[in-house]
Amino acid sequence: MIWQYIIILLILIFLSLVVIKMRRKDFHIEINKLIQCLGGKDNIVDSQINLSRLKVTLKDMSKVNKEGIQKMGAKGIVEIDNELKIILGPNSKQIKRYMTDLK
């Protein structure tokens, strides 16, 4: 009788892991989309992280697709000269790490 409970528990754990995996976005694809919306990696001069904000210094602001960035889930975008401050949320540190690896 106890074996039946153990088997049911293992099946439930397996199913919950499958559901979690399916809900998770492919993070690298999202980062690549963000970089393309910023005008490509050659357009990015510098990037910094401040809590949930990503601050990006760009060469050419005309290459930026702000609507695309907002569609990706950005909470807000502030443009000052050749800098963009993008409020992204808790994934900002991972985004910065991936952008640094590209350079």
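Expected output is a single nm value to one decimal: the length gained when fully extending between Val45 and Asn65, i.e. 0.36 nm times separation in residues minus the C-alpha distance. What is it?
Taking Val45 through Asn65 to full extension adds about 5.5 nm, to one decimal.
Excluding Asp60 itself, calculate the net charge of residues whose Cβ lies under 15 Å from the Cβ of Asp60, where each Lys or Arg counts +1 and each Asp or Glu counts -1. It would help to have the intermediate numbers written out before the result.
On the way: positive: Lys41, Lys59, Lys63, Lys66; negative: Asp42, Asp46, Glu79, Asp81, Glu83.
Summing Lys and Arg as +1 and Asp and Glu as -1 gives -1.
Read the figures in this text as sums done on the coordinates, not as results from a lab. Everything numeric in this text was worked out from a predicted model, so none of it was measured. Here the Cβ is made from the backbone with ideal geometry for all residues, glycine too, and neighbour counts use every protein chain on show.
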